[in-house]
Each structure stands twice: as C-alpha cells, then as structure tokens.
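Q: Before we start, here is the structure in question, set down as structure tokens.
We did not get these values from a lab; they are worked out from the coordinates using the rules stated. Quick caveat, the model's predicted, so the values are computed rather than measured. Methodologically, a virtual Cβ is constructed for each residue, glycine included, from the backbone with ideal geometry; neighbour enumeration extends over all protein chains shown.
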Amino acid sequence: MVAHRDSNRPRRVGALLKRELSDLIARNVNDPNVGKVTITAVEVASDLKNAKVYFTCWQDDDNHQKTVVGLTRARGYLRHCLRDRVELRAIPSLHFVYDESIERGSRISKLIDDSLKDSPDITGDEKSKERE
C-alpha cells in the first residue's frame with residue numbers, strides 16, 4: 001500500500017514518537033552525555049522508515065555534539081523500547097538533530113530588547129503630535 005503525499009499518517013506517527021521518546025529519554029537513558037533534553041519535533045518520512053528527532057538541551061551547554069553522540073548511541077535501545085510501547089509495523093530509524101530555533105529566537109529577542117533600550121521613548125504627547 002502506497003501512502004498519499006498529503007496523508008496525515010507521518011504527522012500522527014511523529015506526534016506519537018515525540019511523546020514516547022520524551023518519556024523514554026527522560027526515564028531510561030543514563031548516558032552522562034545526554035543531560036536533560038526536550039524533544040521539540042519529530043519529522044517522519046512519508047514511507048515511515050526514517051524519523052528526524054529534533055531536540056534542545058535544558059542546560060546552557062554550547063557543546064550539544066556530545067548529546068547528539070549520546071542519543072545516537074542509544075537509538076538502538078530506544079527503537080527496541082518503542083517496539084514495546086507503540087503499535088507500528090516497523091519502527092522508523094531515528095536520526096537526532098539539535099534544534100537551534102529556540103536559541104535563535106532567544107538571540108533575536110535579546111537584540112530587539114537591546115535596540116528598544118537604545119531608542120528614545122515615545123510618550124503619549126509625542127504620539128499625538130505625530131498624528132497631527
């Protein structure tokens with residue numbers, strides 16, 4: 001059976017894997033390189049054979065490569081645990097990717113805040129003068 005391109009199945013499987021992997025990593029992965037991580041998204045291929053697991057680290061650790069290595073080392077174990085927890089014919093192959101979007105958003109927010117501090121405040125009187 002061939003999946004349709006606009007099928008919701010990959011999205012639903014991704015949501016299921018996100019929930020289960022979040023729990024498994026928090027409770028069962030004891031690798032010191034894998035600190036506290038948050039799974040931000042799981043993108044499953046349309047053929048359901050591969051999944052990109054996006055994560056971010058809780059701690060302010062700039063060296064997220066160690067976490068990628070630790071999670072990659074644990075992916076066989078995680079797939080084995082997923083087999084017991086989810087009802088899928090085949091568990092997708094897991095590929096872990098560090099999600100920089102939260103860091104990037106934080107940097108942009110800080111830049112906006114800094115630029116607003118440097119600009120003069122516009123009071124109510126000045127706003128009414130601008131309208132005229």
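Q: Can you give me the P(r) profile for the range 9-118? Cα pairs, bins 10 angstrom wide beginning at 0, each as a whole percent.
A: All Cα pairs, binned at 10 Å, distribute as 14, 44, 26, 11, 5, 1 percent.
Q: Here is a follow-up. Just to confirm a number: summing +1 for Lys and Arg and -1 for Asp and Glu over residues other than VAL34 whose beta-carbon lies under 9 angstrom from that of VAL34, what do you get?
A: Result for the neighbourhood of VAL34: +2.
Q: Which of ARG19, ARG89, ARG27 has the fewest other C-beta atoms within 10 Å, and how do the rest follow up to the most? Numbers along the way, then the final one.
A: Numbers: ARG19 14, ARG89 5, ARG27 9.
The most exposed by this proxy come first: ARG89, ARG27, ARG19.
Q: Contact order normalised by length for the range 9-118, with contacts defined as Cα pairs under 8 Å and 6 or more residues apart; what percent is it?
A: Normalised by residue count, the contact order of the range 9-118 is 27 percent.
Q: Quick check on the exposure proxy: order GLU87, GLU100 from fewest to most C-beta atoms within 10 angstrom.
A: GLU87, GLU100
Q: Which order do ILE108, ILE39 fall in if you start with the one that has the fewest other Cβ atoms within 10 Å?
A: Working: ILE108 10, ILE39 22.
Sorted ascending by nearby Cβ count, the order is ILE108, ILE39.
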